[in-house]
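Bear in mind these aren't lab numbers, they're just calculated from the coordinates by the rules spelled out. Since the model is a prediction, treat every value here as computed from it, not as a measurement. Please note: Cβ atoms are built from the backbone with ideal geometry, for glycine as well, and neighbour counts cover all protein chains shown.
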Amino acid sequence: MTVSAMLFLGAVLLTLVLTVIAAQYLKLQLSRSRYPPGPTPLPIIGSLWTLKFELRHETLMQLAKTYGNTFTLWLGQTPAIVLNGCQAIRYTLVTHSEEMAGRPATPTFERLSRGKGVVFSSGQTWKQQRRFCLMTLRNLGLGKTPIERRIQEEVQNLVESLASNKGKAMDPAPILTHSVASVISAVVFGHRFSSGDKGFHQFIKGTNSAARLLGSMWARLFDAFPWLMQHLPGPHQTVFKLIDFQSRFVKEEIEKHRENGIPEEPQDFIDFYLTQLAKGSDDATSTFDQDNLMYLVIELFGAGMETTTSTLLWALLYMMTQPDIQEKVQKELDAVLDESQAIQYEDRKRLPYTNAVIHEIHRYCNIQGIGIFRQVLKEVSLLGYTIEKGTIVIPNLPSAMNDPEYWKTPDQFNPANFLDKEGQFVTTEAFLPFSAGHRMCLGEQLARPEIFIFFTSLLRGFTFRIPERVVDINMDYMPGSILKPYPYKICAIPR
């Protein structure tokens, strides 16, 4: 081929590429008119350029100042409606709970769960599996005395371990993670794992890594360009390998349960599910199978471990850096509780200041980050717009927890946000740490008593201080779908 012919062919190809890009751009601009306003989308990457390919709640709150509390982002070529502020979020997720109960089959969600389980599933699978989970968790004692006993046992082990450290500087994350993981492990697997179990640590690592991936640039890129990203190296490939390890880990536990036989009275979640499978079903729409069991176990473990551990790590960090608040909590605990008795969730009603501090940790630390994407199940009129079936909706939950219309000091850590003039505990509808509507977090029934009992037991037993010679403490969060504090060291001084 001659040089002139090559130049001609190159010019033709360039013209074709530019024509396709121009056509996509015009198509995007025409499509925008059907949705709320938002940043101008570009061909291929949509609005991702305005986010620097990361979904951070602060960025969305800034965009809301320009485009309003309901605006549109384009994730590549896919539009997504963003909700900011308590009113927009509650109106959409609660008033239109049925229509907002879907979950988009994004490439990342599909790779993490294959459409199984509860967190990322939709339709009949979601309905049947969620109903079974709620019923089984109640049977296992969530929200009742039996689960509190398990929490108390783990707290006692934790307190003894911390006491043995004799106030030396330490990273609280490993020991706290194992204690919290042991609670959900007992619920799901029927037993706890030793702190030296390498397989269990790898299982926990998979949960942590998946949470980081969902809030990262890599998930946005994988969703926008799955055909390319599945072949490229990166952190997403490491996470997918860890998820595959989790699947094998859970399958081995399921097989152990089968080998031991299903007891007449099921003792854990796997027992209950295997009992359900043994019954069989003539229902052609039944979604009960081993794959759903496997992904449910992974999801329940993540919901019961990652969020609670992160909340407690923030709690200790803020008690360490705000000793006046820590002292007020300890004085209330000492005045109200009998130190010879184990703390119960019911005690919160007699501890208004302590309860306010715990709720303020939930509110201010915003561990959930941006809520998991929803999908509209049928056309709905939403805040002045007609939203088509299949549209993605992104509830920016931290924006409700920072809504100035509902909080005394939205941008400051202040327990008074949950106290009235008489010092009694109060809350508002803007408090949404577990989301809202039909997709509320399954782990709420476990997380609330667990966080309360862990927090109060630790504050009753120890005073938490900044280690000597530590001057600079990072109070920012690590990016991810669960917003954890950066690693820090703490001194737990026995009281």
Mean residue ellipticity (222 nm) of the chain, computed from DSSP H runs ≥ 4 via -39,500 (n - 2.57), nearest 500: -17000 deg cm²/dmol
In vacuo Debye sum over C-alpha of region 307-368, base-10 log of normalised intensity I(q)/I(0) at q = 0.28 Å⁻¹, listed in q order, is -1.26
Could you give me the radius of gyration and the Dmax of region 366-410, taking only the C-alpha atoms into account and expressing both in angstrom? 13.5, 38
List, largest first, the extents of the alpha carbons of region 344-495 along their principal axes, each in whole Å. 59, 37, 29
Using alpha-carbon coordinates, inclination of helix 123-139 to the longest axis of the chain, degrees: 0 degrees
Enter the angle in degrees (range 0 to 90, nearest 10) between the Cα long axis of helix 444-461 and the first principal axis of the Cα atoms of the chain, meaning the one along which they spread out most. 50 degrees
Computed log₁₀ I(q)/I(0) - Debye formula, equal Cα scatterers, no solvent, region 55-103, q 0.17, 0.21, 0.23 Å⁻¹: -0.55, -0.81, -0.93
Strictly over 24 Å apart at the Cα level, which of Lys328/Lys408; Lys127/Lys198; Lys116/Lys205; Lys127/Lys378; Lys52/Lys116; Lys378/Lys484 would you flag in this model? Lys127/Lys198; Lys52/Lys116; Lys378/Lys484
Which of the lysines could a cross-linker bridge to Lys168, judged by Cα under 16 Å and excluding same-chain residues fewer than eight apart? Lys489
Give or take rounding to whole Å, what are the principal axis extents of the alpha carbon atoms in region 259-384, in descending order? 61, 53, 24
With N set to the residue count of region 79-204, report its C-alpha Rg divided by 2.2 N^0.38 Å to two decimal places. 1.41
Mean Cβ neighbour count within 10 Å, used as a protection proxy, ranking 229-242, 146-159 highest first: 146-159, 229-242
Of the beta bridges DSSP finds with both residues in the chain, what % are antiparallel, to the nearest 5? 85 percent
In degrees from 0 to 90, rounded to the nearest 10, what is the angle of the helix 235-260 Cα long axis to the longest principal axis of the chain? 50 degrees
On average, how much area does the Cα convex hull of the chain cover when viewed from any direction, in nm²? 29.2 nm²
Largest-first semi-axes in Å of the equivalent ellipsoid built from the Cα gyration tensor of region 218-295 are 34, 16, 8
Run the numbers on region 259-378 and let me know its relative contact order in percent, using alpha-carbon pairs under 8 Å that are six or more apart. 21 percent
